[in-house]
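*Asks:* Dumping the structure here so I can ask a few things about it.
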Amino acid sequence: MRLVERADEFALLEEILSGTGDMSSRVIAVTGPVASGKSELLNFAVDQAEAAGFTVLRAIGLRRQRRTPMAVLEQLLLGGEQPRERSESVAKQLDAAKFSALLKDPDSEQEEHVKAHTIRSLTTAMVSPTKERPVLIAVDDMHYADIPSLQCLRHAMEELRTKPAAVVLAWRTGLRLTRPLFGAGLLRQPGLIRMPLTTLSGQAVAELLREYLDEATARRIARDVHRISGGNPLLVRALVHDLLPGSEQCGRRLRTPHAPAVGHAFRQAVLSCLHRVEPSVLAVARGLAVLDGAAAEDTLARVLELSPEAVALSLRELEAIGLVDGGTFRCPAARDAVLADLPPDDRTALILGAVDLLRQPGTEAPVVARHIIAADAVVDAQSPEAQWEAAPPPPLRDCRTSPASNWPTASVEADRTAATSG
């Protein structure tokens, strides 16, 4: 399934890679929030380059190797089939670079982590294949790349400027600006092409659904699918999996019910998005799930012990991903998935922290009762009003109904009056 609303990006990559042999190098920076389609564009570039006979040097940044010297460069230089003599020589240079980098601060871009002569040798290993055929250097998840590798890669891009080569780098935009010095140097590249990605529009989601549904069904559910997913391509695909189990693999076009199904694939996709963001963003998502609609930014900041600025930035990132809108989860199933993934002790701690706010004058009471029951927490509320706020709501919500519409307002107000007057 190739993403719609990315036709210009695919066409540009195809044009660049078809003409690289006759021109100087190009650097393509693909950026966007989690699961916005960055890897799909990078994989397309790799496939096109391999089909055109390029030498492809490929790597992916890994969170666990972010502070491991030369992790990315080692993948680039030793990942493919190479003559034994060349591999042994490169391995020795990598070992020398690792030893030098171990003496430096792994989080400091200001320090030179690798000695100049070692950088030159490693750069030669990346540039020399251009004598025989064009080269593509492709690195995914650049936000996890180690600094020594980035310093070598920056030098290699300088050497490749007049060579038949292309460099495609994909990284996640989010809470923090990662590797700012490398990013600033990238902006000075004369052949830089920026490809910022966002979530899909409602029209693009409808086009995507038409690949698997009849026209009438796709049109009928497109608005709901876009509202639930926020246009996040991964979440849209997950809804297709839940809606038509097995159909994506066999390519069948099937008729479907009147509304999108939210099932296991969607919940797993939600967790996949959240476990790829910064810890503070995940913490805010969990806080939103526990407080469930009563989570003003200052309340979240106090419960999570984060700064108001960090909470605001995290909420902005969750909205950019497509999970949150207006400070609440777009779909209760997404919230339920986050709650189910929350370790019991952490969930209890969040609940008790929220309940403590009930005792503070002037604080709006969060709706936390069903989580209190689940956590076996006992709340010593100090007023009938607080006890009322701790009453569990009816379990009638789904992704097509707003939370407020599930409350029987007339009887609720009568019961509230009786409770507070007694």
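Bear in mind these aren't lab numbers, they're just calculated from the coordinates by the rules spelled out. The structure presented is a predicted model; accordingly, all values stated were derived computationally and were not measured. Methodologically, a virtual Cβ is constructed for each residue, glycine included, from the backbone with ideal geometry; neighbour enumeration extends over all protein chains shown.
*Asks:* So how do Phe54, Phe182, Phe99 line up by other beta-carbon neighbours within 10 Å, fewest first? Mind showing how you got there, number by number?
*Replies:* Working: Phe54 25, Phe182 19, Phe99 14.
So the ranking, lowest neighbour count to highest, is Phe99, Phe182, Phe54.
*Asks:* Give the long-range amide H neighbours of Leu136: residues separated by 5 or more places, or on another chain, with amide H under 5 Å away, using H modelled in the peptide plane at 1.01 Å from N.
*Replies:* Sorted by chain and number, the residues that satisfy this are Thr55, Val56, Leu57, Ala166.
*Asks:* Which value, in debye to the nearest 20, gives the size of the charge dipole of the stretch 7-196 about its Cα centre, when Lys and Arg are +1 and Asp and Glu are -1 at the Cβ? Please list the in-between numbers first.
*Replies:* Working: 24 positive and 24 negative charges, 108 e Å.
In total the dipole reaches around 520 debye.
*Asks:* Taking the beta-carbon count within 10 Å as an exposure proxy, list Arg347, Arg64 from fewest neighbours to most.
*Replies:* Starting with the residue having the fewest Cβ neighbours, the order is Arg64, Arg347.
*Asks:* Give me, ordered by chain and number, the residues 5 or more places off Ile28 or on other chains with an amide H under 5 Å from its own placed amide H.
*Replies:* Amide H neighbours of Ile28, under 5 Å, 5+ apart: Val167, Val168, Leu169, Ile193.
*Asks:* Projected area of the stretch 7-196, taken from the Cα convex hull and averaged over every viewing direction, in nm²? Walk me through the intermediate numbers first.
*Replies:* On the way: hull surface 40.5 nm².
Averaged projected hull area, Cα only: 10.1 nm².
*Asks:* Each residue of the stretch 178-193 in order: what ³J(HN,Hα) in whole Hz does its phi give by Karplus 6.51 cos²θ - 1.76 cosθ + 1.60, θ = phi - 60°, with x for Gly and Pro?
*Replies:* 8, 6, x, 5, 5, x, 5, x, 5, 5, 8, 5, x, x, 6, 10
*Asks:* Counting other beta carbons within 10 Å of each residue's own, what order do Cys273, Cys152 fall into, fewest first?
*Replies:* Lowest count first: Cys273, Cys152.
*Asks:* Determine ³J(HN,Hα), in whole Hz, for all residues of the stretch 270-277 in sequence, where each value follows from phi through the Karplus function 6.51 cos²θ - 1.76 cosθ + 1.60 and θ = phi - 60°; x replaces Gly and Pro.
*Replies:* Coupling constants for the stretch 270-277: 4, 5, 4, 4, 6, 7, 10, 9 Hz.
*Asks:* Now a separate question. What does the charge count around Lys38 come to, taking other residues whose C-beta lies under 11 Å from its C-beta (Lys +1, Arg +1, Asp -1, Glu -1)? All intermediate terms of the calculation are to be shown ahead of the outcome.
*Replies:* On the way: positive: Arg6, Arg172; negative: Glu9, Glu40, Asp140, Asp141.
Counting the neighbours of Lys38, the net charge comes to -2.
*Asks:* For Lys92, list the lysines whose Cα falls under 29 Å from its own Cα; do not include residues on the same chain fewer than 8 positions away.
*Replies:* Lys104, Lys115, Lys131, Lys163
*Asks:* When the Karplus curve 6.51 cos²θ - 1.76 cosθ + 1.60 is applied with θ = phi - 60°, which whole-Hz ³J(HN,Hα) does each residue of the stretch 98-103 get, with x for Gly and Pro?
*Replies:* So the J values, rounded to whole Hz, are 4, 4, 5, 5, 5, 8.
*Asks:* Mind listing the long-range amide H neighbours of Arg172? Cut-off is under 5 Å, sequence gap 5 or more, other chains count too, H placed in the peptide plane at 1.01 Å from N.
*Replies:* Met142, His143
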